[in-house]
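Worksheet: the structure to be examined is printed underneath.
The values are calculated or read from the model by the stated rules, or taken from the named source; none is laboratory data. This one's a predicted model, so the numbers in the text were calculated from it and none came from an experiment. With ideal geometry, Cβ positions are generated from the backbone for all residues, glycine too; neighbour counts draw on all protein chains shown. SASA here: full protein model, heavy atoms, side chains in, ligands and nucleic acids out. Shrake-Rupley method; radii C 1.70, N 1.55, O 1.52, S 1.80 Å.
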Amino acid sequence: ENPKITDIKIVGSAPLSADQVRAIMKTKPGQVLNTATLNQDIEAIQELYKDKKYIAYVTEEIGVDPQTGLLTVPILVHRVESVEITGNKKTRSYVFIREMKTQPGSILNLDTLNEDIRKIYNLDILEDIKPYQFNPGSEVGLVKISIPVVEKKTGQVSLGLGYSSRQRLVGQARLSETNFKGKAQGMNLLWEQGTTQATGGSGSYEAGFFEPWIDKRHTSLN
């Protein structure tokens, strides 16, 4: 006869609580162990994590202590070992990684990772982001994430010539860069020159600079 279950111990369930896992199990304390029901519980637990966009599974160490009747359910939730940005030639990798909540040591969540990808694209310094790739880590339960990116040209130079009744001929030159030194910093320079009959010409100059990160709270300076 199979042993009678006296209690159920959930191990490694974080970020979900042990109570959340026990709640979906049909196997309960006081019952005689039924392997068919336990196999259904294993599938239900793994489906629970999948629905919440985690990668997890119940390990083979699951079992009942025949002496005490304690059922131990070990769960292995995958964590991030490393995040690597590939394909970037100008932009420094930390510019992308600092935008992400998915960091080495964190629990891997696909919804969070997809939101991180959106934030990276919104930096407006990339032409495209290829599908990310998962590679096995240095040990079971660890994942290495590779994110291939395609950079776009971020510098612009424009020249213009116009006419106004006040300044007569007006010339303008503008230089802008949205990924200065590969740090996602913005820089722009503007020069404008007009001609008038009275003074022989008037000029104006403008310079701007944008720093997206000046502290760990993501404070920006413009």
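The packing ranking, built from the mean of other Cβ atoms within 10 Å per residue, places the peptides 67-74, 32-39 in the order 67-74, 32-39, highest first.
If you plug the beta carbon distance of LEU169 and LYS216 into 1/(1 + (r/R0)^6) with R0 = 45 Å, you get a FRET efficiency near 0.35.
Here the Karplus relation 6.51 cos²θ - 1.76 cosθ + 1.60, evaluated at θ = phi - 60°, turns the backbone of the range 75-83 into coupling constants of 10, 10, 9, 6, 10, 8, 8, 7, 10 Hz, with x for every Gly and Pro. Any chance you could list P(r) for the range 52-115, counting all Cα-Cα pairs in 5 angstrom bins from zero, rounded to whole %? Answer for the range 52-115: a P(r) of 4, 14, 17, 16, 13, 10, 8, 6, 5, 3, 2, 1, 0 percent. Within the same chain, aspartates and glutamates fewer than 8 places from LYS28 are excluded, and of the rest, those with a Cα less than 20 Å from its Cα are GLU1, ASP7, ASP19, ASP41, GLU43, GLU47, GLU60, GLU61, ASP65. Quick one: accessible surface of GLU115, probe radius 1.4 Å, all protein chains present, in square angstrom to the nearest 10. It works out to around 70 Å².
Heavy-atom accessible area, probed at 1.4 angstrom with all protein chains present, ranks LYS144, LYS216 as LYS216, LYS144, highest first.
Accessible surface for the range 1-136, divided over its residues, is 57 Å² per residue with a 1.4 Å probe. Summed over qualifying helices (DSSP H, 4 residues or more, each -39500 (n - 2.57)) and divided by its residue number, the chain shows a 222 nm mean residue ellipticity of -5500 deg cm²/dmol. DSSP beta bridges fully contained in the chain are about 80 percent antiparallel. Annotation: peptides 45-54, 12-21, ranked by per-residue average of other Cβ atoms within 10 Å with the highest first, follow the order 45-54, 12-21. Here the simple spin-label model places points 7 Å from the Cα toward Cβ, and for THR35 and ILE107 these points are separated by 3.1 nm.
Nearest 10 degrees, 0 to 90: what angle lies between the long axis of helix 35-51 and the longest principal axis of the chain (Cα atoms)? The helix 35-51 is inclined about 10 degrees to the chain. Rolling a 1.4 Å probe across all protein chains gives ARG168 an accessible area of roughly 80 Å².
Sequence-ordered 3J(HN,Hα) estimates for the range 96-112 from the Karplus curve with 6.51, -1.76 and 1.60 and θ = phi - 60° stand at 7, 5, 5, 7, 9, 7, 6, 10, x, x, 7, 6, 6, 10, 5, 5, 5 Hz, glycine and proline given as x.
In the assembled protein chains, PHE180 presents an accessible area of approximately 60 Å² (probe radius 1.4 Å).
Rounded, prolate or oblate, given the Cα gyration tensor of the range 49-88, with a/c below 1.5 counting as rounded? Note, shape of the range 49-88 comes out prolate. Tell me which lysines have Cα within less than 18 Å of LYS152's Cα, excluding those fewer than 8 residues away on the same chain? Candidates past the 8-residue exclusion: LYS89, LYS90, LYS119, LYS130, LYS181, LYS183.
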